[in-house]
Structure formats: structure tokens, C-alpha cells
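One structure below.
The values are calculated or read from the model by the stated rules, or taken from the named source; none is laboratory data. The structure presented is a predicted model; accordingly, all values stated were derived computationally and were not measured. Heads up, the Cβs are rebuilt from the backbone with ideal geometry, glycines too, and the neighbour counts pull from every protein chain shown. Side chains included, ligands, DNA and RNA excluded: accessible areas come from the protein's heavy atoms. Shrake-Rupley method; radii C 1.70, N 1.55, O 1.52, S 1.80 Å.
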Amino acid sequence: MTSLDFLKSAPPNRVNNIVLVHGAWADGSGWDGVYKNLKAKGYHITIVPNPNTSLSEDVKITKAVLSMQEGPVILVGHSYGGAIITEAGDTSNVAGLVYVAAFAPDAGESLFKMQQAGPADPNTPILPPRDGFIWVDKSKFHADFCADLPSEKAAFMADSQVPVGLAAFTTDLTTAAWKSKKSWYIVSKNDRMIPPDVERMMAKRAGSKITEIEASHAVYISHAAEVAAIIEKAAMEANN
């Protein structure tokens, strides 16, 4: 069966456009497994090439991608990408939001403020800012970011990490799209970048439908099929 055949046989209320937003220290290639799973079922998928330089720039690019879609969209964000979809998701064609081990801030919050609200982690892998950018310690990348991936894959991700501009973490959100949009949230039970209890708190606050997966922060890579299944669930339910 071709993707066109899948589209013809899809339920009439299914949202067929999926927009994927990567998070900090990563790039769009991490969505490859999710992309392949959804593409095989006839979904139209776009991966946002956000540079992680600032929240405003990343939101601007995400909204530009949203404007290219024909019809309603399920907007998906991993990690810092959750802040991006929270700000960009009030766009009229967004039918639902999927948070994948992601931040889901409220208006007036920034990632920096949310992190400051909790106890400091003396073993954090996040290095002090340098030249306006934030990096993850390569020696801690595998254990803290993607412990359930092979060491060779983790080493490549650490060496190719996309640094995050300070403005991505320190800018307050002006809107919280989860207040007006349906949302789904995947909690990574073994996450060492965002504490699982913090993920549960944000998901509950947003009124999201919650799924928990035994996975690292890189759940969208290590458990791509399960993540794709939740995105498909959102696509099936958003318009109902």
C-alpha cells in the first residue's frame, strides 16, 4: 500500500500534517525514526530546522513552517522544542500539541526560571555559557542525554551537538498554547536532563494526556515507534 493509499483510507477527521521540532543540543536528524514510522502511514511531515539561537528566532522559523501547511497540524516538540511549540502553537492551524520529554512553560516563564525553581544539580552536564552559547559536557553526554543509545551513536551526537543561545533559555514566553489546544505528553521515566517529576508536573498542569516510557531524554530516538504511535494518536483524536 502506498502513502497515497493510506491517505485515501485514513479516517476523515485525521490530522495529516505533522510538524516536528527538535530541542537543545540536537538537530532534525534525530526525528528520522519517527519520520519513517509516520511517513509509512501516509502522513505529511515537516521537520523544523530551528537553529536554537533564540526563542524568538526558533518560534519565527516554526511559524514559517506552519504557514506552509495545508490544513490542520499536529505540532510536536522535544525538550527545548516544547517551549517553541508552546509559543508558536497558538497559530490557528495547530490542532494539537505533543510534548516529548519536553518543557511546557506557562506565559511569563522561561526555561531558566523553571530550572531556578528547583534545587541545583551539582552533577549537571550543562556547561557554563561561553561566548553566548551553552553546551553539554561531552564526557557526560551519553549518560545524561541518551543512555539508552549505543555508545557510538552517543559519541557522534555529543560531537555534533547544536549549542543553545542564551536567549533560548532566558526569554519569557508570551503565550501558552496548551491553554487553548489539546495536548499529549510523553514522560521519559529515566530522563536525566529534565527530571521525570517535573515532566509530570508540566503535563498535568497543561491537562495533557500522559504516556510514560522507560527511556532516556532521547526517547524520540531510542523509542521512535512508540513516540510515533502517540503522535498518531494525537492526529486521530485532535479533531474529535
Margin query: I'd like to verify a number: residues in the stretch 10-32 that are in a helix (DSSP H, G or I) and touching a Phe, Trp or Tyr at 6+ places or on another chain (Cβ under 8 Å), how many?
Written below: 2
Check: Mind checking which residues of the stretch 101-124 are loosely packed, with under 15 Cβ neighbours inside 10 Å and modelled with pLDDT of 95 or more?
Finding: Ala107, Gly108
Margin query: Looking at (1) touching a Phe, Trp or Tyr at 6+ places or on another chain (Cβ under 9 Å); (2) within 23 Å of Asp27 (Cα to Cα); (3) of a type in the set (Val, Ile, Thr), which one does Ile210 not meet, given that it meets all the others?
Written below: (2)
Check: Has the stretch 12-26 got at least one residue that is touching a residue at least 40 places away in the same chain (Cβ under 8 Å), more than 16 Å from the chain's Cα centre (by Cα) and open to solvent by 30 Å² or more (accessible area, probe 1.4 Å)?
Finding: yes
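If I go through the stretch 50-67 residue by residue, how many of them are touching an Asp or Glu at 6+ places or on another chain (Cβ under 8 Å) and over 16 Å from Thr174 (Cα atoms)?
Looking only at that region, the number is 3.
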Notebook entry, point to check: Which one is surrounded by the most Cβ atoms within 10 Å (Cβ to Cβ) among residues in the stretch 136-176 that are outside any helix (DSSP H, G or I) and either without any contact (Cβ under 8 Å) to a residue 12 or more places away in the chain or in contact with a strand residue (DSSP E or B) (Cβ under 8 Å, 6 or more places away or on another chain) (or both)?
Noted result: Val164
Notebook entry, point to check: In this structure, does Val136 turn out to be in contact with a Leu (Cβ under 8 Å, 6 or more places away or on another chain) and within 26 Å of Ser54 (Cβ to Cβ)?
Noted result: yes
Notebook entry, point to check: Across the stretch 7-20, what is the number of residues that are out of contact with any Leu (no Cβ under 7 Å at 6 or more places or on another chain), of a type outside the set (D, E, K, R) and either within 15 Å of Tyr220 (Cα to Cα) or at pLDDT below 95 (or both)?
Noted result: 7
Note to self: Here are the criteria: (1) among the aliphatic types (A, V, I, L, M); (2) over 19 Å from the mean Cα position of the chain (by Cα); (3) open to solvent by less than 30 Å² (accessible area, probe 1.4 Å). Tell me which single one Ala95 does not satisfy.
What the structure shows: (2)
Next item on the list: Collect the residues in the stretch 177-235 that are buried (at least 17 other Cβ atoms within 10 Å of the Cβ), touching a Ser or Thr at 6+ places or on another chain (Cβ under 9 Å) and part of a loop (DSSP other than H, G, I, E, B), keeping them in residue-number order.
Entry: Asp191, Arg192, Met193, Ile194, Ser208, Ala215, Ser216, His217, Ala218, His223
Next item on the list: Answer yes if at least one residue in the stretch 68-91 is over 20 Å from Ile213 (Cβ atoms) and free of Cβ contacts under 8 Å to residues at least 12 places away in the same chain, and no otherwise.
Entry: no
Checklist line | Residues (touching a helix residue (DSSP H, G or I) at 6+ places or on another chain (Cβ under 9 Å), hydroxyl-bearing (Ser, Thr, Tyr) and either farther than 27 Å from Gln116 by Cα or open to solvent by less than 10 Å² (accessible area, probe 1.4 Å) (or both)) located in the stretch 54-78 | finding: Thr62
